[in-house]
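A quick write-up on the structure given underneath.
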Amino acid sequence: MAEPETSDVEGERLQKVLARVGIGSRRACEDLIADERVTVNGEVAVLGRRVDPTVDVIEVDGALIAVRPDAVYYLLNKPVEVVTTADDPQGRSTVVELVPDDPRVFPVGRLDYLTEGLLLLTNDGELTHRLTHPSFGVEKEYLASVEGVPSRGALRRLREGVELDDGVTAPAKASMSTPGLVRLTIHEGRNRQVRRMCDAIGHPVTRLVRTRIGPLADRSLKPGEWRSLTPDEVRQLAAAVTNPDAQPDEPKPPKRANR
Ligand code: URA
């Protein structure tokens, strides 16, 4: 059989890597491995397994463990009139210009040119993939200033789903504590979704701010400011994109390693 990319005789011991990121003591991590609760690249890990945390995908009970020592995670408060791309042919300001340029990072998902608020940028491709994949359904919360004052029925339509040209939206959370200021939480990532939902109920958006991405929120970041995620936030984020098929109480046994 061909050798796996990360040989078992190289790399760091799995329990050491797990302990380093705070999963538990080395002994506790050994127990997790012995109990077959840890997978490496989708296969159940055995005690003594060595890993390369820069390439191997490590999960405990189906939850991705962010252990890449070279990975960076920035939370940016995107200002208006900045594009969410790495490079803009029209020469407009981009979000990557607002964060350090080494290592190179990419935005996770996108905010419209005129949308403000929280945006994650990282060089962790696996986490990006999971955060943007619809099956993981990470919640995003927005504050939308809208024209007029939506009625209770209009808010109910937002909650129950509105007909857009690419289909009915999934159930959402919608509330309004200040007239004309709608707090909307969605877990789909369709293009201009919030603006289109508000258009559909007859209350176009005049200002849109993203205030939360899954477990991440920060009211102290000013527009244009960024900060690194704390290790705990990275773990919470990784937990939020747990394998959707995994059951927390009774994890499905993943495919056993063929060696
Ligand atoms: N929904 C929108 O309409 N715009 C965004 O930028 C994000 C969500």
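What follows is calculated from the coordinates using simple rules that are stated; it is not laboratory data. What you are looking at is a predicted structure, and each value in this text was computed from that prediction instead of being measured. Note that each Cβ is placed from the backbone with ideal geometry, even for glycine, and that neighbours are counted across all protein chains shown.
Data table
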{"read-out": "Dipole axis of segment 6-65 (+1 Lys, Arg; -1 Asp, Glu on Cβ), positive-most option in Leu64, Val46, Ala19", "value": "Ala19"}
{"read-out": "Projected label distance in nm at Ala170 and Glu147, using a 7 Å step from Cα toward the beta-carbon", "value": "3.0"}
{"read-out": "Cα shape, segment 6-65, gyration tensor, a/c 1.5 rule", "value": "rounded"}
{"read-out": "Placed amide H near Leu111: partners under 5 Å, 5+ positions off or other chain", "value": "Thr84"}
{"read-out": "D (Stokes-Einstein, µm²/s), Kirkwood Cα radius, segment 81-233, 1.002 mPa s at 20 °C", "value": "131"}
{"read-out": "Max mean-square fluctuation residue, GNM over the chain, Cα-Cα springs under 10 Å, options Asp124, Asp102, Asp52", "value": "Asp102"}
{"read-out": "Net charge dipole size for segment 6-65 [Lys, Arg +1 and Asp, Glu -1 on Cβ; Debye, nearest 20]", "value": "300"}
{"read-out": "Positive-end extreme of charge dipole, segment 139-213 - chosen from Ala144, Ser177, Ala154 (charges on Cβ)", "value": "Ser177"}
{"read-out": "For segment 66-155: rounded, prolate or oblate by the Cα gyration tensor [a/c cutoff 1.5]", "value": "oblate"}
{"read-out": "Likely footprinting exposure, Leu237, Leu143, fewest C-beta neighbours within 10 Å first", "value": "Leu143, Leu237"}
{"read-out": "GluC sites (Glu not before Pro), loop per DSSP, at most 10 other Cβ atoms within 10 Å - longest free stretch of the chain", "value": "82-259"}
{"read-out": "Charge dipole magnitude, Cβ of K and R +1, D and E -1 - the chain, Cα centre, debye nearest 20", "value": "900"}
{"read-out": "Segment 139-213 shape via C-alpha gyration tensor axes, a/c threshold 1.5", "value": "rounded"}
{"read-out": "Vicinal HN-Hα couplings computed from phi for segment 201-217 (Karplus, 6.51 cos²θ - 1.76 cosθ + 1.60; Hz; Gly/Pro x)", "value": "9, x, 10, x, 6, 9, 8, 9, 10, 8, 10, 7, 10, x, x, 9, 8"}
{"read-out": "Stokes-Einstein D (µm²/s) once Rh is taken as the Kirkwood radius of the chain over alpha-carbon pairs, at 25 °C in 0.890 mPa s", "value": "122"}
